[in-house]
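The block underneath contains the structure these notes are about, expressed in structure tokens.
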Amino acid sequence: MTLETTGLSKAFGGVTALDGASVSFHQGEVNALIGPNGSGKTTYFNCVTGMIKPDGGTVSYQGRDLTGKAPHRIARAGIGRTFQLCRTFPRMTALENVLSAVPPTGLIGGLRSARGRAEIERAMGWLTRLGIEHLAGSEARDLSWGQQKLLELAGVLMAEPETVLLDEPAGGVNPALLDRIGVLIRELNAEGRTFVIVEHNMDLVMSISDHIVVFDRGRPIAEGPPSQIRTDERVLGAYLGV
Ligand code: ADP
């Protein structure tokens, strides 16, 4: 087990977003977290990555307690994440965006120093890997939505996280890019990265996931491999609202 929560709970006013969610994601696998709108998936990501503090319960990663820790501490522990609405700096170039993920100590001496040049090379490596190196000098705001998502992912990968949380990687992305994102996730996973993916595109989820956790009303109601989840009656019921 890599990322584990026990009894995670969070309410906003009178709305229960997480209702004692105990979940284990599998190390070295592509995990998916699915469920109807409002079932608590984003709140779960936000609690795990320190963006919001849970009201109760625990978050542990590789056996370390990360409950309520600040986002930078959680990032340093090896967890990276992307956001549903994609976070990039619109007026910075794609290359600058990726470099902004390097901690300041990595750029001591400036970009012209040997260390700076090595970081630029590494950033270009990620842009190339994600197929957007030709856009390195373009401002992020001039990239298509799908390209911005790839750019955000390049920035996350620049920090070399062991585990990557992706919030709707396929949302709003055109079909050609969608296939590439699926292949990329599998490749990055084959190199040893663990993924947890919140995604509504069921074709993508079913084709790339090893393990699926299904949320309904702030807690898991089913988990298992795609073959099992596909036919699980509780899952169908949750989506159909019965
Ligand atoms: P999902 O990601 O599965 O769609 P969310 O985690 O976004 O679900 O939301 C779970 C519930 O918590 C929903 O009822 C939502 O309206 C509520 N919620 C989430 N964030 C907030 C917030 N910041 N303030 C108030 N209610 C919120």
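What follows draws every value from the coordinates through simple rules; no lab data is involved. Note that the structure is predicted; figures quoted are calculated from it, not measured. A quick note on method: Cβ atoms are made from the backbone with ideal geometry, for glycine too, and the neighbour counts reach across all protein chains shown.
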Proximal lysines to K10, defined as alpha-carbon separation beneath 21 angstrom and excluding residues fewer than eight positions away on the same chain: K41, K53, K69
Expressed to two decimals, the range 163-218 has a Cα Rg over Rh, using the Kirkwood radius, of 0.95
Going by average Cβ density within 10 Å per residue, which order do the peptides 134-143, 24-33 take, highest to lowest? 24-33, 134-143
Relative pair counts by distance (%), Cα atoms of the range 28-92, 10 Å bins: 18, 47, 30, 5
Going by a ≥ b ≥ c, the root eigenvalues of the Cα gyration tensor, does the range 98-242 fall in the rounded group (a/c under 1.5), the prolate group (a/b larger than b/c) or the oblate group? prolate
Only helical DSSP H runs with n ≥ 4 go in: add -39500 (n - 2.57) per run for the chain, normalise by residue count and round the 222 nm mean residue ellipticity to 500 deg cm²/dmol. -10000 deg cm²/dmol
Take each of the peptides 120-131, 193-204, average the number of other beta-carbon atoms within 10 Å over its residues, and list them starting from the highest. 193-204, 120-131
Taking just the alpha-carbon atoms of the chain, what radius of gyration and Dmax come out, in angstrom? 18.2, 61
Centre separation in Å (Cα based) which lies between the range 5-39 and the range 118-133: 33
Return a whole-number percent for the relative contact order of the range 144-242, with Cα pairs under 8 Å and 6 or more residues apart as the contact set. 21
Considering only the other residues whose Cβ falls under 14 Å of the Cβ of R76, what net charge follows from Lys and Arg at +1 and Asp and Glu at -1? +2
For the range 5-102, what is the relative contact order in percent, using Cα pairs closer than 8 Å and at least 6 residues apart in sequence? 23
With the contact rule set at Cα under 8 Å and sequence spacing of 6 or more, what percent relative contact order holds for the chain? 28
What's the local net charge at L18, with K and R +1, D and E -1, over the other residues with C-beta under 13 Å away? +2
